[in-house]
1. Rounded, prolate or oblate: which fits segment 1-140, taking a ≥ b ≥ c as square roots of the Cα gyration tensor eigenvalues, rounded meaning a/c under 1.5, else prolate when a/b beats b/c?
2. Which loop GluC sites (Glu not before Pro) in segment 155-233, with loop taken from DSSP, have no more than 16 other Cβ atoms within 10 angstrom of their Cβ?
3. Got a sec? Which residues in segment 211-233 would a label at HIS144 touch, if it sits 7 Å along Cα→Cβ and we count backbone N under 15 Å?
4. Which stretch or stretches of segment 190-223 have amide N atoms under 18 Å from the point lying 7 Å from ALA136's Cα along the Cα→Cβ direction?
5. Taking square-rooted eigenvalues a ≥ b ≥ c of the alpha carbon gyration tensor, is segment 48-127 rounded, prolate or oblate, where a/c under 1.5 means rounded and, failing that, a/b exceeding b/c means prolate?
6. Describe numerically, in nm with one decimal, the distance between label points set 7 Å from Cα along Cα→Cβ at SER37 and at ARG60.
7. Within segment 1-36, name every residue whose backbone N is under 18 Å away from a label modeled 7 Å from Cα of SER84 along the Cβ vector.
8. Which trypsin sites (Lys or Arg not before Pro) in segment 66-129 sit in a loop by DSSP (not H, G, I, E or B) and have at most 16 other Cβ atoms within 10 Å of their own Cβ?
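The values are calculated or read from the model by the stated rules, or taken from the named source; none is laboratory data. These figures come from a predicted structure and were not determined experimentally. Cβ placement follows ideal geometry from the backbone for every residue including glycine, while neighbour counts extend to all protein chains displayed. Remember, those area values only see protein heavy atoms, side chains included, never the ligands or the DNA or RNA. Shrake-Rupley method; radii C 1.70, N 1.55, O 1.52, S 1.80 Å.
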Amino acid sequence: MEKVIYLLWRDAQVSPDTFNHRLRSEVAGQLLALGASSVQLNLSDVDVQPAAGLRQENNRPLPDASLSLWLDSANGPARRPFDSVITAATARMAAYLVCESVAIANTRFPSTPGERTHGFAQLALLTRPPRLTHEAWLDIWRNHHTEVAVDTQDNFQYVQNLVVLALSHGAPRIDAIVEECFPPAAMTDPRAFFDAVGDEAKFQRNLATMMDSCSRFIDFDKIDVLPTSQYCL
């Protein structure tokens, strides 16, 4: 089984509501009918507008959505029918084969197929800083930062997707795609985000620890962050 993540951009002539509805209904249905074992959509929609302050847009424009597919094979000929469905519904797409590591499975607020997952899902698009070798970057991120992210935040799902290969022509360079789900309050309350509601000392400690860890393997002027609504289908 292989996981492919597509970053999706909406045609400016299509309204956000129409775009999102088409992805959730027509496109998802077609992909499942083609044989995808699972489909996940992450949509930048009205439900996450309160989280606009969490957006970080260093490589413009940010995608309007992402779509994850789990396929028996992501090889070109096997993937082509899926690419065609997605291309027809978007102005632009970029596809990546990823290696998925689930640091936190969503057991607190399990998703109901077809319904919006509780809270919101934050997507972070990472590129490896040139100051680090690939091996050093992976070691810091996966073997050291993971525990910090779990300990300092109120994330109830945490998925690390290491990009193995760009699958579409012209796909921007991305080395990892991180998915984290948080409760609704974290959209607007940093103390809820950092698991420190009512405890200012804990908030400051968690924030400082997290930022120090991130600075070891992330260039903050290159990261892109997109709050989304998650739908598992």
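1. In terms of gyration-tensor shape, rounded.
2. Qualifying residues, ordered by number: none.
3. 211-219
4. Inside the label zone: 212-220.
5. oblate
6. Distance between the two pseudo-spin positions: 4.1 nm.
7. Within reach of a label on SER84, which here means backbone N under 18 Å from a point 7 Å along Cα→Cβ, segment 1-36 contributes 26-36.
8. Within segment 66-129, the qualifying trypsin sites (Lys or Arg not before Pro) (loop, at most 16 other Cβ atoms within 10 Å) are ARG108.
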